[in-house]
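A short worksheet on the structure shown next.
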């Protein structure tokens, strides 16, 4: 099977989020047939919704389209290591593969912090492929927070 | 300040969820002024949305009403220990106090599993008061799963 990286599309979503004044994280959900099911960037401020992370919005849209609360066979591309909320939603949705860009030592919940997939209470662990376009993802975040805070410390 | 338990209302939401064929968990969000901001029970099946846990629905409704992605000063009553997704959303929303009923060794993310609030990556930890009406909450779940599976093992 030919492998196509969808990280450029996820990064495009992150750029659009930054332009809206949102933390620049983007996600693309790919269906079992290889087509794009959903694209999303963070919208927590716009929607006044702390759950409106890119991953959650993409999962909710994919579930709406398929009429199912589970998304077996799907693959999620995210520019940043998911937080514990998103990691647990990815597990609940039974997403098959999680591709992500930069690690997030400050807020992450996959490699860092709560490590949501690494406990017996996690009933579905996706395959995880990380570090994809990590430099670009991280640079985008650094520029965003530098603009907000006057420095580049994440 | 007079203390009023809102667990009976949360349990009523859990009962209504069970009647809809949803996992019987209920939540009530109390505003800083002591009034009920939102009530919700699980609706993952009805909405085809794996994120539609009682806690998430109550948080989203509260945020919508207040026009804010943060809910400082609010208190959330939940019949069951929140999963990692909900625990992280509770933290992101800056909820002040989390009251919950039964522990959930199988799916929980507060006392069990990912222990979302117990890592440096968690930037807001609510006050936590647990074990409230735990017997009734647990009984409701046992009856629900017994009906589904023909036994009472959670």
Checklist entry - Is it true that some residue in region B:40-58 is in contact with a strand residue (DSSP E or B) (Cβ under 8 Å, 6 or more places away or on another chain), closer than 22 Å to residue B:96 by Cα and surrounded by fewer than 24 Cβ atoms within 10 Å (Cβ to Cβ)? => result no
Item to check | All positions within region B:114-125 that are crowded, with 24+ Cβ neighbours inside 10 Å and assigned to a loop (DSSP other than H, G, I, E, B) | outcome: B:114
Next on the checklist: Yes or no: region A:66-82 includes at least one residue that is at positive phi and either part of a helix (DSSP H, G or I) or facing chain B (nearest Cβ under 7 Å) (or both).
Outcome noted: yes
Item to check | Verdict on residue A:63 being touching a residue at least 12 places away in the same chain (Cβ under 8 Å), within 8 Å of another protein chain (Cβ to nearest Cβ) and part of a helix (DSSP H, G or I) | outcome: yes
Checklist entry - Among the residues of region A:133-141, is any touching a residue at least 24 places away in the same chain (Cβ under 8 Å), outside any helix (DSSP H, G or I), in contact with a strand residue (DSSP E or B) (Cβ under 8 Å, 6 or more places away or on another chain) and exposed (fewer than 15 other Cβ atoms within 10 Å of the Cβ)? => result no
Next on the checklist: Take the residues in region B:88-98 that are crowded, with 24+ Cβ neighbours inside 10 Å and in contact with a strand residue (DSSP E or B) (Cβ under 8 Å, 6 or more places away or on another chain); name whichever of them is nearest to residue B:33 (Cα to Cα).
Outcome noted: B:95
Next on the checklist: Let me spell it out: the conditions are (1) touching a helix residue (DSSP H, G or I) at 6+ places or on another chain (Cβ under 7 Å); (2) surrounded by fewer than 20 Cβ atoms within 10 Å (Cβ to Cβ); (3) within 13 Å of chain A (Cβ to nearest Cβ), and residue B:20 meets all of them except one. Which number is the exception?
Outcome noted: (3)
Item to check | Sole exception among (1) in contact with a helix residue (DSSP H, G or I) (Cβ under 9 Å, 6 or more places away or on another chain); (2) surrounded by fewer than 20 Cβ atoms within 10 Å (Cβ to Cβ); (3) part of a loop (DSSP other than H, G, I, E, B) for residue A:111, by number | outcome: (1)
Checklist entry - How many of the residues in region B:83-98 are outside any helix (DSSP H, G or I) and within 11 Å of the chain's Cα centre (by Cα)? => result 2
Checklist entry - Taking region B:30-57 on its own, how many of its residues are within 16 Å of residue B:87 (Cβ to Cβ), facing chain A (nearest Cβ under 8 Å) and not in a loop (DSSP other than H, G, I, E, B)? => result 1
Checklist entry - If only one of A:55, A:22, A:9, A:16 is closer than 28 Å to residue B:45 by Cα and either more than 14 Å from the chain's Cα centre (by Cα) or in contact (Cβ under 8 Å) with a residue 24 or more places away in the chain (or both), which one is it? => result A:55
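Laboratory data are not the source of any read-out in this text; all were calculated from the coordinates shown. All of these numbers come straight from a predicted model, not from anything done at the bench. Glycine gets a Cβ as well: all are built from the backbone with ideal geometry, and neighbour counts include every protein chain shown.
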